[in-house]
Amino acid sequence: MTNVDIEVHVNGSPRRHSVPPRLTLADYLRVDCGLTGTHLGCEHGVCGACTVLLDGEAVRACLVFAVQADGAEVTTIEAMASDDGTLSPVQAAFRDHHGLQCGFCTPGFIVSATAFLEENPSPTDGEIREALSGNICRCTGYQASSRQ
Ligand code: FES
Ligand code: FES
């Protein structure tokens, strides 16, 4: 199948590539752009590890073709911290409250939580649980033990 020329703004920088029509956005980001912070767990839309922002909306990059992002703005976990390395508030909260263990799922959680808080800056616990219910972690118990 013939490659397709695309231009995607990734983390604020324009990138032009010629890609196979069936290349996923996740593989495009990881392989063509070298942005390996976007993780692949299930590769069929279940785990949320590959979550990125596409024009500000949280999407599963394993379910989006790179050609569908042509002309769009994509934001990955690599752009969550400031240029000087200062963590975003969500990243800092995950660090401060032991929100990760191995960290494999963490980029997806961070991106999902960031998008959610943009829409709903003062959520209830229930709304947070609902918003993050599409992100799966196989290490943690989702909340800290009272013994920690
Ligand atoms: S790798 Fe995309 S949802 Fe699991
Ligand atoms: S911290 Fe390991 S999968 Fe979530």
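The values are calculated or read from the model by the stated rules, or taken from the named source; none is laboratory data. The model shown is predicted, which means the values in this text are computed figures rather than measured ones. Heads up, the Cβs are rebuilt from the backbone with ideal geometry, glycines too, and the neighbour counts pull from every protein chain shown. In case anyone asks, the SASA skips ligands and DNA or RNA and just uses the protein heavy atoms, side chains included. Shrake-Rupley method; radii C 1.70, N 1.55, O 1.52, S 1.80 Å.
Side notes on the structure shown:
- Inter-probe distance in nm under a simple model that places probes 7 Å from Cα toward Cβ, at residue 139 and residue 104: 1.0
- Grouping the Cα pair distances of the range 4-131 into 10 Å bins from zero gives a pair-distance distribution of 13, 45, 32, 10, 1 percent in increasing distance order.
- Tail fraction, Cα-Cα pairs, the range 59-148, threshold 21 Å, whole percent: 37
- Rolling a 1.4 angstrom probe over the chain with all protein chains present gives an accessible area of which 50% lies on carbon and sulfur atoms.
- Unit charges on C-beta of K, R, D, E only; dipole of the chain, Debye: 600
- Amide H within-cut-off set for residue 65, under 5 Å, with H built and near neighbours excluded: 25
- With both labels modelled 7 Å from their Cα along Cα-to-Cβ, the residue 95 to residue 127 distance reads 2.7 nm.
- Three-way shape label, the range 70-114, alpha-carbon gyration tensor, a/c 1.5: oblate
- Relative contact order, whole percent, for the chain stands at 24, derived from Cα pairs under 8 Å and 6 or more residues apart.
- DSSP-defined antiparallel bridges as percent of all bridges, the chain, nearest 5: 90
- For the chain, the mean residue ellipticity at 222 nm estimated from helices alone is -5500 deg cm²/dmol, where every DSSP H run of n ≥ 4 contributes -39500 (n - 2.57) and the total is divided by all residues, rounded to the nearest 500.
- Two-decimal log10 I(q)/I(0) for the range 41-100, as the Debye equation yields it once each C-alpha is a single scatterer, q = 0.15, 0.19, 0.27 Å⁻¹: -0.56, -0.82, -1.11
- Accessible area per residue, Å², the range 1-78 with all protein chains present, probe 1.4 Å: 49
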